[in-house]
Amino acid sequence: MRWQIKEKPPYQNALDRVLGWGRKYSIFMYPFVTACCGMEYMSVATAHYDIDRFGAGLPRFSPRQADVLMMVGTLNHKLSPVLLRIWEQMAEPKWCISFGACASVGGPYDNYAVVQGIDRIVPVDIYLPGCPPRPETVIDGLMKLQDKIQNQKQELFWKSKNRDV
Amino acid sequence: MTSEELINHIIERFPEAGLECLVDKGQAAANVPVEQLEEFLKVMKDTPEFGFDLFMDITAVDWLERKPRFDVVYHLYSTEHNHRLRIKVGVKEDQQVPSSALLWMVANPMEREVWDMYGIKFTGHPNLKRILLYEEFKGFPLRKDYPYNKQQPLLEDTWPVRDSQERMDERGIHRP
Ligand code: SF4
């Protein structure tokens, strides 16, 4: 089921809208690449598809500097504590994209090793279908994420629940 | 050496032993009883005419209803003579196999993998513990009686799907 934004949430004030506009054009991704979907991620990151148009051109290879966790590929049970730890290291506001069938639902693997969807470990904002997703799918998902960021209630650091953590 | 010559050499070297040597699918193959395995591998490695210096692979097969239940399969290669040998060892469920980790260093991680996946113990192995799976894992996943999709998660479902729905509500995103 595709999520849709029906109308602007009534409680989004001017500050939320300004912050949302700023945040949606400065997406810093943390690519957590474990499997073959990584190839497609790399092709998306090249100049040909130019995701710099969406302000997402600079992947940060440290979770502490990133806004969006991109889980690219298959996640094993052995690796799942690592993913959770990386998610917890990221500073709010943060979002998560599940890239490909494996990350979303376990993909072709229904066996002893593979986590059946990373939403058992971290909350996911965007699921990208496909094995692997085409670059167009990725760009579509990125634009959906931008919509989502623009129209959400913004997290403010002085009101954050995890402020002291 | 061709496969036939290799087989003839092995039969000459072990005339009275309970080996079964043949050329199977174009490759020399030997069925060796577990009791003789240690000596057999030693000879294969140290005798110059065999000279198997490369330990290519060790794996196992679970036949479930057959007795003995497992086959442990070795693949050896000689870089000097350019010949290969496949060794099969029938192993009962509670039987232990002599380790070859002291003959070929590379057998060490491979035997740990066989232990990890099939639960076959190797006597004399210096560090026999799980290599691919985690220590908390119960059972051996490549055995035929392990349910194919039984999972043993390391983490509780910390953020179930319900939770991301809550986050969506918090942010004012509505599903149609
Ligand atoms: S979804 Fe397909 S391409 Fe992507 S990691 Fe899984 S198997 Fe590989």
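The values are calculated or read from the model by the stated rules, or taken from the named source; none is laboratory data. All figures in this text were calculated on a predicted structure; none of them were measured in a lab. Cβ atoms come from the backbone with ideal geometry, glycine included; neighbour counts cover every protein chain shown. Quick note on the areas: whole protein, heavy atoms, side chains included, nothing else; ligands and nucleic acids left out. Shrake-Rupley method; radii C 1.70, N 1.55, O 1.52, S 1.80 Å.
The table below gives the values:
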{"item": "Sole exception among (1) surrounded by fewer than 19 Cβ atoms within 10 Å (Cβ to Cβ); (2) in contact with a His (Cβ under 6 Å, 6 or more places away or on another chain) for B:His81, by number", "result": "(2)"}
{"item": "Segment B:107-124: number of residues that are of a type in the set (D, E, K, R) and closer than 19 Å to B:Phe52 by Cα", "result": "1"}
{"item": "Every residue from segment B:1-38 that is surrounded by 15 or more Cβ atoms within 10 Å (Cβ to Cβ), in contact (Cβ under 8 Å) with a residue 40 or more places away in the chain and in contact with a helix residue (DSSP H, G or I) (Cβ under 7 Å, 6 or more places away or on another chain)", "result": "B:Ala28, B:Ala30, B:Val32"}
{"item": "Which numbered condition A:Val68 fails, given (1) closer than 22 Å to A:Gln154 by Cα; (2) modelled with pLDDT under 90; (3) more than 12 Å from chain B (Cβ to nearest Cβ)", "result": "(2)"}
{"item": "Test set (1) open to solvent by 20 Å² or more (accessible area, probe 1.4 Å); (2) within 12 Å of the ligand (Cβ to nearest atom) - A:Pro133 fails condition number", "result": "(1)"}
{"item": "From A:Arg85, A:Arg53, residue being free of Cβ contacts under 8 Å to residues at least 12 places away in the same chain and within 14 Å of chain B (Cβ to nearest Cβ)", "result": "A:Arg85"}
{"item": "Residue within segment B:107-119 that is open to solvent by less than 60 Å² (accessible area, probe 1.4 Å) and assigned to a loop (DSSP other than H, G, I, E, B) present", "result": "yes"}
{"item": "Test: residue in segment A:96-111 that is away from the ligand (no atom under 12 Å from the Cβ), touching a helix residue (DSSP H, G or I) at 6+ places or on another chain (Cβ under 9 Å) and within 26 Å of A:Gln150 (Cα to Cα)", "result": "yes"}
{"item": "Residue that is nearest to the ligand (Cβ to nearest atom) [pool: residues in segment A:23-71 that are among the basic types (Lys, Arg) and open to solvent by 60 Å² or more (accessible area, probe 1.4 Å)]", "result": "A:Arg60"}
{"item": "Qualifying residue in segment B:39-50 (condition: of a type in the set (Phe, Trp, Tyr), at pLDDT 90 or above and either in a loop (DSSP other than H, G, I, E, B) or open to solvent by 40 Å² or more (accessible area, probe 1.4 Å) (or both))", "result": "no"}
